[in-house]
Amino acid sequence: MHVVPADTGVTITGAVTTGSAGSDYSVDVTRRHGTNEIVLSGSLPADNGPDDEWVTVDDPARATANVLAAALRRHGVHVLGRTPVARTTPAGARPVASHDSATLGDLLVPFLKLSNNGIAEHLVKEMGRVKADDGSWAAGLAQIGDFLHSNALDTTPARQADGSGLSRYDLVTADRYTALLSYARHQPWFSTWYEALPIAGNPDRLVGGTLAGRMQGTPAQNNVHAKTGSMSGVDTIAGYVTAPDGRKLAFTVLLNNFAGARPRSVIDQIAVRLAGGPQRPRRCARRSTASPAPRPTLGSMACKAACGIDPTAGRTQHAAGRRSTPPGGRRPTHPPIGFVCEPIDSYDTEGEQRCETSRRSRGTGARGGRRGRRRHEHALRRGGVGRAGARPRPRRRREPALQL
């Protein structure tokens, strides 16, 4: 294990264990905030081979000075005292040497695939230096604002305080992200931008990036190209997905202010549904009159297929989520099924319209009146799902913002 370059002043603590061949890779490399201490943890399989991790340093200017001083000493130049570091370039200073970085197109790969925050901050300041001769956040952010305004992309209020998005002062709507993604599709540099985004489920670190281990074995694998972002209480994704009919969709999901478990599986299900297309509900076969078992609802069948659970087990008359009191006078305490285990059904607008139409046709909606509700209750007591084979309309739920 070694650090390159070796004279930056970085220290390494912690350890990484070696697991058996084929075991999970769980190595984590983190720099303690405000220091140059890099902490190692986790395990890697014995057959993993060499691995590289890119880590930022706390003070890039001082780290560069340390590396230069060490190089001078190796070449016989005596460096006396501490190496001074100026926060601004002294007036009258002359360039001694210069180095050109990789092109912006090449930088996009480590920048977007690996979510390199340092590159993001540097590019904002570079825009200010090139366009306004002021390499500062304020100048760079002003250039970004001018660009958005000139291309009519500032359609919703927003606030940007840095380049990486790590600041809690950053506030951007899903509408604005999706508008920018749509704008990019019509630019000559789109293919370079598109291929630089992380690709879902691709295990190659410089291809899959932050999505390498997500959505594997689904229609979204090697399909979704999207940038991720997360902090405490924040999980987001924005990018592109190709639908089954060949259309390329731009989508954005922003989840904020949650506590407890990260809702990443919900985000992934949204992307997978977009990649796989709408799923039409299956109709149930008619129940034999000789069978005493209740007929499962459309919702319970979908729930069983999606989650591997049988929601009708131990439940008879309440399998459709009916709220009325069953014989015996005991009201069920379980939540209505039929939509509980289908968190992404509400994004199938075609299914929503089908359900709405079926409800109105059998007279159980707001216009159906008492007679329609009685017919529907009678169908439920028989174990059926109502006329036209439609399930009861699920109760509306608040879902994460999804922009297409």
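Values computed for the structure shown
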{"read-out": "Cα lying deepest toward the dipole's positive end in the range 63-203, options His122, Gly163, Val77, charges on Cβ", "value": "Val77"}
{"read-out": "Proxy reagent accessibility, fewest Cβ within 10 Å first, across Thr56, Thr8", "value": "Thr56, Thr8"}
{"read-out": "Separation of the Asp58 and Ala132 label points, Cα + 7 Å toward Cβ, nm", "value": "3.1 nm"}
{"read-out": "Least to most buried among His122, His78 (fewest other Cβ within 10 Å first)", "value": "His78, His122"}
{"read-out": "Fully extended contour minus Cα-Cα distance, from Ser20 to Thr103, at 0.36 nm per residue", "value": "25.8 nm"}
{"read-out": "Estimated vicinal HN-Hα couplings, Hz - the range 96-103 in sequence order (Karplus 6.51, -1.76, 1.60; Gly, Pro = x)", "value": "9, 8, 9, 9, 8, 6, 5, 5"}
{"read-out": "Vicinal HN-Hα couplings computed from phi for the range 251-261 (Karplus, 6.51 cos²θ - 1.76 cosθ + 1.60; Hz; Gly/Pro x)", "value": "9, 9, 10, 10, 10, 10, 6, 9, 10, x, 4"}
{"read-out": "Packing rank of 92-99, 103-110, where each peptide gets the mean count of other beta carbons within 10 Å, highest leading", "value": "103-110, 92-99"}
{"read-out": "Calculated Rg and Dmax of the range 164-204 using C-alpha coordinates, Å", "value": "13.2, 34"}
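Every read-out reported here was derived from the displayed coordinates using simple, explicitly stated rules and does not represent laboratory data. Computed from a prediction, not measured in an experiment: that's the story for all the values here. Using ideal geometry, Cβ is built from the backbone for each residue, glycine included, and neighbour counts are taken over all protein chains shown.
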